[in-house]
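Novice: The structure under discussion is supplied below as structure tokens; questions concerning it will follow.
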Amino acid sequence: MLHCVPARRRRSRLPGLIAALFLWAAGPVWAEPNAETPAEAGAQSLSLNETRAVALQAALTGQPHIAAPLAAALLRNDPDDEYALLAMSALQLGTGDSGGSYRSGRLAFRHAEDAEVKFHAARMTAVAAMADNRTIATQFWLRRAGDLAPSPAQRARVERNYRIFQAKNPWRYRLDFSATPSSNVNGGAESPYNIIDGVPLVGILSSDAQALSGWIAQGKLDLSYRVQRNARSQTDLTGSAYAKRVWLSDDAQAKAPGFDAGDLSAEEFTAGVRYSRRLRKPGEMVQLAGRFSHYRQGGAASYDAVTGSAYYRRPLSGRLDASGQIEAEWRDYAGGGGSGRVLRGSAGLSYRFADGGRLSGSVYVGDTDSPNTNFDNRAVYGKLTYALGKPVMDLGLSASIGASLSDYPDYALGFIPVPGGRRDEGLFADLDITFEKIEYAGFSPHLKIRRQRTSSNVSRFTTSEWAVSVGIRSNF
């Protein structure tokens, strides 16, 4: 007969206990009984730590006749015993009680103080959640296991399991959020004067047409559901929701007391379908998509749109990829504002270095036809990005520089036409920093610093901005 020798609640970790835990990392959660345990070898008395090790090892190797009474005895002694709860979770999973296994795994995680025990509890809970058809919970607990992985190899295994689960799961979601202090939340002018090149008049801009400082918060949720997949193609239903909110600083409110920052708010909701197909060459693919959109500005409906796009990607070598996209959008403006059309196109190259670093370059072009001729424009801009392959002092780093050119051929200020049309030239630079050592559920804080300046022959649109955005980024 086995009995437990009382021990202190918080104890040193025994080699046998850790060996039992590593059975979970190295093999299946449940197997047919096939191994002799210390109990069967005739042990007459075990310490509390040894009892935990035997119960956990028996549970993970498929020997419920040994694990169950030991786990029950441990839980009678201490209902918060994380090792007993972890053993109970494995037992319940093996008997098909995925809901009970999920609850026990969560309790084991909650009460564990050792990071390695938490790692194994998170993995067990993820398996139980998957067996219980808890899609979001499975992803969450796999991500928590990734946070706590005791070695790079274990981390890589969790990430691989996460990708396998994602591939099997028809649902995909992505959540992005950022909060940005900015020196120019409204796109206002640098100068209080409105000067048009070639026009011998000088206007005075209102305070709300000048740069106002404050905060911008933006969030976006992307969802997709796979409705068809085979070896070469996949079809998804897609949807998204986007929101933007702006708050003025105290100085900006004093400068423009009558301005309502709510006029700068925006929302967009979309629903669509996406078809992806692999082509003959490995890595080569084409993607066709269509969507309906509803866009709101300042709390009021702005326009509805129908958009169609085509995307193509092709590897040019083992390290160099090329891609391109075309898109057409037809808009119906609210309040009888008429209809418009937007055409966009892009092309890019991306080169991956031996150390994992990546250099990417892209060019974008756009053509907008609007019922308001002041918004008719042709635009082009280019961007060059380099991302380091390895963290520097636990920081993931990337930097971008870019330039833009926009031409508004029929622009006018009231009854005054702009000679030759309005022309804006812009430059920008970004520095992206990800704090990879600070992680929760596979997400790390992300900091983006942007410097942007635009010069225009209409001084109302000569602007500059410093902005620092804080958000989160997925690590896998």
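Novice: Dipole magnitude of the chain about its Cα centre, charges +1 at Lys/Arg Cβ and -1 at Asp/Glu Cβ only, in debye to the nearest 20?
Specialist: 1400 debye
Novice: Which order do the peptides 218-226, 66-74 come out in when sorted by mean C-beta neighbours inside 10 angstrom, highest first?
Specialist: Per-residue Cβ counts within 10 Å, averaged per peptide and sorted highest first, yield 66-74, 218-226.
Novice: Just to be sure I follow: if Rg is taken over the C-alpha atoms of the stretch 143-259 and Rh is the Kirkwood radius over the same atoms, what is Rg/Rh?
Specialist: 1.27
Novice: Using the Kirkwood radius built from alpha carbon pairs, what does the Stokes-Einstein equation give as D for the stretch 66-223 at 10 °C and 1.306 mPa s, in µm² per second?
Specialist: 81 µm²/s
Novice: What do you get for Rg/Rh of the chain when both radii come from the Cα atoms and Rh is the Kirkwood radius?
Specialist: 1.10
Novice: Which of the lysines could a cross-linker span from K168 if the Cα-Cα distance has to be under 19 Å and same-chain partners fewer than 8 positions apart are dropped?
Specialist: none
Novice: Determine the equivalent ellipsoid of the stretch 207-313 by diagonalising the alpha-carbon gyration tensor, then write out the semi-axes as square roots of 5 times the eigenvalues, largest first, rounded to whole Å.
Specialist: Calculated on Cα positions only, the semi-axes equal 41, 14, 11 Å.
Novice: Here's another thing I want to ask about it. Counting other beta carbons within 10 Å of each residue's own, what order do T462, T434 fall into, fewest first?
Specialist: Ranking T462, T434 by Cβ neighbours within 10 Å, fewest first, gives T462, T434.
Novice: Can you give the helix-only mean residue ellipticity at 222 nm for the chain, where every DSSP H stretch with n ≥ 4 adds -39500 (n - 2.57) and the sum goes over all residues, rounded to the nearest 500 deg cm²/dmol?
Specialist: -8000 deg cm²/dmol
Novice: So for the stretch 176-289, taking the charge dipole from beta-carbon charges (+1 Lys/Arg, -1 Asp/Glu), which of A252, Y193, L279 sits furthest toward the positive end?
Specialist: L279
Novice: On to the next question. Of the listed pairs K220/K448; K118/K437; K281/K390; K244/K437; K390/K437, which have alpha-carbon separations greater than 21 Å here?
Specialist: The pairs that break the limit, which is 21 Å between Cα atoms, are K281/K390; K244/K437.
Quick note: the coordinates plus some simple rules give every number you see, no bench work behind them. Remember, predicted model here, so these are calculated numbers, not experimental data. We place every Cβ from the backbone using ideal geometry, glycine too, and count neighbours over all the protein chains shown.
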